[in-house]
């Protein structure tokens, strides 16, 4: 299974927000979710997404999503009827997950949708222990088209401000830096480009 980690320094860690921009660019989070799971007329069932938020008032929060065939809040399943998805649906999902956080446990809000208080490095250490190969998106990294990528791969990307310099420097000691090319893209577009590369390889 391919996995993505989206790290945001400022994304809000409680569900009491309305302005997506002021809530730490939750609009970007929505696009990352869409590009992680949605393709024409169906939901990917081979992807897991980790959202790690470090904004106020109670950081960090780790939201883990393994949607399978259903995205909560949309009221539809993947299939012939198509998928009714919008930012409103996804913001409703994120808010519900944040509101349903329970101290001290990894809480399953919906089947395949979990929230817990866990930091960035703890998530990475657990994935490493599972034998996952870590990649970090970096414009100075190896061209992704030339990189050796196994099936159990994890791609790490930051928000619109990127990963903090200190974290990126430390991350490069355990993760392989890869680039999607010379053009700078939005974080959500990077997810699509990585997905395309893996699809073409059959990874």
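What follows draws every value from the coordinates through simple rules; no lab data is involved. Since this is a predicted model, take the numbers as computed values, not measurements. Note: ideal-geometry Cβ built from the backbone for every residue, glycine included; neighbour counts use all protein chains shown.
Need one number: % antiparallel among DSSP beta bridges in the chain, to the nearest 5. Intermediate results must be reported in sequence, preceding the final value.
Numbers: 16 of 37 bridges.
Just about 45 percent of them are antiparallel.
Between residue 42 and residue 183, what FRET efficiency comes out of the Förster formula 1/(1 + (r/R0)^6) with R0 = 30 Å and r the beta carbon distance, rounded to 0.05? Show your work: numbers first, answer last.
Working: r = 28 Å, r/R0 = 0.95.
The computed FRET efficiency comes out at 0.60.
Once you order the gyration tensor axes a ≥ b ≥ c over the Cα atoms, which shape class does region 123-170 get: rounded for a/c under 1.5, otherwise prolate or oblate by comparing a/b with b/c? Numbers along the way, then the final one.
Details: a/c = 2.24, a/b = 1.17, b/c = 1.91.
It comes out oblate by the Cα gyration axes.
Evaluate Rg over Rh across the chain, taking Cα atoms for both radii and Kirkwood's formula for Rh. Walk me through the numbers before you get to the answer.
On the way: Rg = 16.1 Å, Rh = 17.2 Å.
With Rh from the inverse mean 1/r over Cα pairs, Rg/Rh is 0.94.
Which residues in region 83-123 place their backbone N less than 19 Å from a point set 7 Å from the Cα of residue 14 along the Cα-to-Cβ direction?
Output list for this probe position: 92-105, 115-118.
Rank the residues 170, 200, 44, 2 as a footprinting-exposure proxy: fewest other Cβ atoms within 10 Å of their Cβ go first. Write out the running numbers ahead of the final one.
Details: 170 14, 200 9, 44 18, 2 22.
Arranged by neighbour count, lowest to highest, 170, 200, 44, 2 become 200, 170, 44, 2.
Tell me, in nm to one decimal, what length is gained between residue 140 and residue 103 on full extension, where the rule is 0.36 nm per residue of separation less the Cα-Cα distance? Don't jump to the answer; show the numbers that get you there.
Working: separation 37, 0.36 × 37 = 13.32 nm, distance 3.92 nm.
Answer, rounded to one decimal: 9.4 nm.
Region 16-40 to region 184-199: how many Å between their Cα centroids?
16
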